[in-house]
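The values are calculated or read from the model by the stated rules, or taken from the named source; none is laboratory data. This structure is a prediction, so every number in the text was calculated from the model and none was measured. FYI the Cβ positions are ideal-geometry reconstructions off the backbone, even for glycines, and counts take in every protein chain you see. The protein model used for the area step is the full one, side chains on, heavy atoms only, and it has no ligands, DNA or RNA in it. Shrake-Rupley method; radii C 1.70, N 1.55, O 1.52, S 1.80 Å.
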Amino acid sequence: MCGIVGYVGARNCADVLVSALSKLEYRGYDSAGIAVFADGEIQIAKSKGRLADLSAKMEKEGKPEGHVGIGHTRWATHGEPTDVNSHPHRGGAYVTLVHNGIIENYKRLKEFLISEGRTFVSDTDTEVVAQLVDYHYHGDPLAAIADTMREVTGSFALGILFADFPNKIFAVRRGSPLIVGKGENESFIASDVPAILKYTKQYYLLEHDEIAVLTDKGTEFYDTRFVPIQKELLTADWDMDAAEKQGYEHFMLKEIHEQPESILRTVTPRIEDGLPSLAECGITPEKIKEFRNIYIVACGTAMHAGMVGKYVIEKLARVPVIVDIASEFRYREPLIGEGDLIIIISQSGETADSLEAMRLAKKLGAKTLAIVNAKGSSIAREADMLIYTHAGPEIAVASTKAYMVQIAVMYLFGFELALAKGKITEEECRRLTALLLETPGYIEKILARKDELHTIAESLVKAESLLYIGRGLDYALSMEGSLKLKEISYIHSEAYAAGELKHGTISLIYDGMPVIAVDTQKALHEKTVSNIKEVKARGAMTILVCGDSYAPEKDIADYCFRLPEIDDLLMPMMGVVPLQLIAYYASVMRGNDVDKPRNLAKSVTVE
Ligand code: AGP
């Protein structure tokens with residue numbers, strides 16, 4: 001989704017803005033632009049395409065030279081990705097702004113502004129809000145912003161320049177994230193912390209309907225009635241290195257390799273005396289054992305982590321768990337209320353569908369537990385209980401290490417709940433917890449066998465379509481493997497419960513069609529093998545991902561990747577790694593932009 005940056009200080013503003021925007025590229029975008037106070041006016045440079053296109057344009061046409069400005073990467077929602085629709089947008093003589101999010105009532109506002117004699121050059125909702133701020137501006141920026149905030153609806157963040165205030169940046173947010181960085185005689189705004197890490201680690205989190213006024217001396221904060229606000233200065237706990245590629249060809253590959261470390265960072269602090277302890281997250285055995293039903297609500301990969309959570313919780317704690325896609329949950333009048341627990345899983349903590357689902361659950365009286373990676377994000381702040389995953393910054397659009405730690409937390413939660421409900425013994429809980437701590441070592445071993453997965457990826461890279469099949473936890477894993485492949489390789493694939501194939505989908509199998517069969521669950525092994533035979537008999541090219549004790553009959557697998565065996569319940573932590581790497585290599589072989597796949601954004605802040 002769109003990225004906002006802003007800078008005021010002694011450095012060359014255009015350079016800082018482009019560098020900061022490059023750290024937000026992972027969010028996904030299709031045009032970029034900056035606006036800088038230069039030669040006594042606000043000069044804009046913007047271009048469709050990548051930041052490199054913007055830089056090339058500025059090289060050719062001249063770069064605005066100054067010390068105060070705002071920048072933006074746009075992920076098109078209203079209007080195509082064109083130079084004209086790119087941000088920043090002018091709102092008239094005084095206002096220039098950048099915007100992240102959506103102005104829901106922009107049509108009505110646009111009609112009003114047109115009736116007031118204003119004309120528009122772009123198709124964007126952003127230009128409408130720029131014009132509205134300008135319309136309300138009579139010499140007082142705070143008043144113009146506050147008046148605008150009263151009239152607009154939606155979820156958004158704005159970075160604003162007023163022509164009369166060449167030493168200041170104004171910022172405001174409602175819903176969409178925005179941070180304010182504090183450096184030595186310089187200040188920043190950004191949609192996310194990596195944008196400013198090169199310059200400072202200190203930042204403020206702008207809250208709902210707060211206005212920030214930035215100068216090189218620091219930042220003042222106000223509410224929309226102009227009452228000054230004191231804010232806590234935070235320090236980012238990751239550095240530039242964590243947000244850089246460190247020699248890996250892509251962020252995705254780096255992040256896949258960071259999984260063992262991410263598990264240890266997430267799990268170790270939550271273990272006391274060999275047992276899971278989530279007390280510091282507000283979760284105690286007394287509290288969790290009382291919940292009637294559990295809902296896990298999330299999107300995409302995070303939802304797939306929820307599928308693993310469902311199996312673990314139901315199997316161990318014997319509590320019914322419903323997994324819901326956040327965008328569906330909201331609109332089907334969910335049967336939830338007091339006594340229910342809603343677990344929201346999100347890497348970014350800003351996914352609009354998940355955030356709104358959580359708000360709805362709260363309104364209906366359920367308790368909310370957020371499992372979130374991004375510190376201080378909206379979901380993290382609004383949940384009743386919170387477990388942070390410590391994956392560190394995940395930059396690649398395709399989620400890998402975040403998924404890994406989401407399922408690690410699902411295990412911890414499942415173990416603790418099962419023990420609290422007396423469904424497993426303390427001894428069993430200790431055994432499972434100890435095994436969870438062993439997973440990083442096993443994953444290292446899988447990562448050392450990347451070449452085998454490169455060969456497997458070669459075997460399917462030319463396919464038009466393929467299937468992932470599995471049963472139980474392997475089905476949950478298949479869903480994640482399939483999503484990973486399609487989002488970065490653009491090869492169509494579908495995940496199917498292996499036993500369900502014969503009810504229709506098996507008719508898709510053609511000679512040579514790749515089928516990835518995930519078969520890590522001993523109890524289901526024989527059944528899964530029968531399903532593999534069914535597709536093999538119809539000409540499929542089969543790739544088997546299984547435990548290392550299996551000796552599959554030779555003729556059922558064209559390729560076989562064996563995983564170190566641990567308890568069946570924990571096999572998803574092993575099994576997802578080869579699936580991630582197969583998708584990664586397929587994407588590289590097809591020459592795709594692995595970290596920034598087409599049409600996708602890292603943080604999906606619109607519905
Ligand atoms: C995963 O690879 C995706 N790009 C996507 O499905 C993602 O998991 C989903 O958008 C949810 O994001 P969140 O975890 O930040 O809420």
Subject >> Normalised alpha carbon radius of gyration of the chain [divisor 2.2 N^0.38 Å] >> reply: 1.01
**OP:** Return the percentage of antiparallel bridges among DSSP beta bridges fully within the chain, rounded to the nearest 5 %.
**Re:** 60 percent
Original post:
Roughly what angle does helix 525-537 make with the longest principal axis of the chain, taking Cα atoms, 0 to 90 degrees, to the nearest 10?
Top reply: 80 degrees
**OP:** Using Cα pairs closer than 8 Å and at least 6 residues apart in sequence, work out the relative contact order for the chain, in percent.
**Re:** 12 percent
**OP:** Could you list the square roots of 5 times each eigenvalue of the Cα gyration tensor of segment 84-231, that is, the equivalent ellipsoid semi-axes, sorted largest first and rounded to whole Å?
**Re:** 26, 15, 14
Original post:
Where does helix 571-589 land angle-wise versus the long Cα axis of the chain, in degrees 0 to 90, nearest 10?
Top reply: 60 degrees
Original post:
Separation of segment 401-456 and segment 187-217 by C-alpha centroid, Å?
Top reply: 37 Å
Original post:
Under the classification rounded if a/c is under 1.5, otherwise prolate if a/b is larger than b/c and oblate if not, where does segment 484-556 fall, given a ≥ b ≥ c as square roots of the Cα gyration tensor eigenvalues?
Top reply: prolate
**OP:** State the percentage of accessible surface on the chain attributable to carbon and sulfur atoms; use a 1.4 Å probe and exclude ligands, DNA and RNA.
**Re:** 49 percent
**OP:** Enter the accessible area per residue of segment 279-413 (Å², integer; probe 1.4 Å; all protein chains in place).
**Re:** 32 Å²
**OP:** Report, by chain and number, residues whose modeled amide H sits under 5 Å from the one on residue 218, excluding near sequence neighbours (fewer than 5 apart, same chain).
**Re:** none
Subject >> Three-way shape call for segment 1-68 based on the alpha-carbon gyration tensor, with the a/c threshold at 1.5 >> reply: oblate
Subject >> Distance from segment 338-378 to segment 69-115 (C-alpha centre basis), Å >> reply: 29 Å
Subject >> Mean Cβ neighbour count within 10 Å, used as a protection proxy, ranking 383-395, 367-379 highest first >> reply: 367-379, 383-395
**OP:** Report, to the nearest 10°, how far helix 300-317 tilts away from the longest principal axis of the Cα atoms in the chain, using its own Cα long axis and a range of 0 to 90°.
**Re:** 40 degrees
**OP:** Assuming a ≥ b ≥ c are the square roots of the Cα gyration tensor eigenvalues, decide whether segment 285-335 counts as rounded (a/c under 1.5), prolate (otherwise, with a/b larger than b/c) or oblate.
**Re:** oblate
Original post:
How large is log10 I(q)/I(0) at q = 0.15 Å⁻¹ when the Debye formula is applied to the Cα atoms of segment 232-310, each weighted equally and without solvent?
Top reply: -0.90
**OP:** Filter the cross-link list 107/182; 182/245; 57/462; 23/168 down to pairs whose alpha-carbon distance in this structure exceeds 27 Å.
**Re:** 107/182; 57/462
Original post:
Over the C-alpha atoms of segment 151-208, what are the Rg and the largest Cα-to-Cα span, Dmax, in Å?
Top reply: 12.2, 37
Subject >> Residue-wise HN-Hα coupling along segment 269-282, computed from phi with Karplus coefficients 6.51, -1.76, 1.60 (Hz; x: Gly, Pro) >> reply: x, 9, 10, 10, 6, x, 10, x, 9, 10, 4, 5, 9, x
Original post:
So what's the back-of-envelope 222 nm ellipticity for the chain, counting only DSSP H runs of four-plus at -39500 (n - 2.57) apiece and dividing by all residues, rounded to 500?
Top reply: -11000 deg cm²/dmol
**OP:** Apply the Kirkwood formula to segment 499-597: the hydrodynamic radius equals the inverse of the mean of 1/r over all pairs of different alpha-carbon atoms; give it in Å with one decimal.
**Re:** 14.6 Å
Original post:
At a Förster distance of 51 Å, what's the computed FRET efficiency of residue 427 paired with residue 363, Cβ-Cβ distance as r, to 0.05?
Top reply: 0.75
Original post:
At what distance in angstrom do the alpha carbon centres of segment 539-606 and segment 458-496 lie from each other?
Top reply: 8 Å
